[in-house]
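Contents: one structure, followed by commentary.
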Amino acid sequence: MRRAVPWLIAALGAALVVAGVVVFAAANRAPLDFGWSSYGPLTHHMAGYRGAVTFADGVEVLWTAEHLLGAGLLVLGLLVLTGVGGWLLGRRSGRRATPGS
């Protein structure tokens, strides 16, 4: 059981990464609004969180709450995987014998 715990945590981290990518991709597939309502002002109950990032060449990227959730899951999963990988490498390097013994 002791050896299985790091691998279970690594599997959790991988699942978080996959879930983040799936949620982010699903947010990109949401229907866009090109009709008459696209020129109307957003009301507070419609928007939730909608932040736009404008790049230097004028390209604007719209981030919704689903985009933020997907990015957050992805980063959390990568942090878990990095922590488990560092812990495993640290345990492995600690087993070296000293030259004097």
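The values are calculated or read from the model by the stated rules, or taken from the named source; none is laboratory data. As the structure is a prediction and not an experimental result, all values here were calculated from the model. When we count neighbours, we look across all protein chains shown, and the Cβ atoms used for this are built from the backbone with ideal geometry, even at glycine.
Out of GLY86, GLY72, GLY77, one residue alone is loosely packed, with under 15 Cβ neighbours inside 10 Å, in contact with a helix residue (DSSP H, G or I) (Cβ under 8 Å, 6 or more places away or on another chain) and modelled with pLDDT of 90 or more. It is GLY72.
Apart from one condition, ARG91 fits all of (1) surrounded by fewer than 10 Cβ atoms within 10 Å (Cβ to Cβ); (2) of a type in the set (Lys, Arg); (3) at pLDDT 70 or above; the exception is (1). Of the numbered conditions (1) at pLDDT 95 or above; (2) assigned to a loop (DSSP other than H, G, I, E, B); (3) not hydroxyl-bearing (Ser, Thr, Tyr), ALA14 satisfies every one except a single condition; which is it? It is condition (2) that ALA14 fails.
In a residue-by-residue description of region 21-29, the property of being at pLDDT below 65 and assigned to a loop (DSSP other than H, G, I, E, B) applies to no position.
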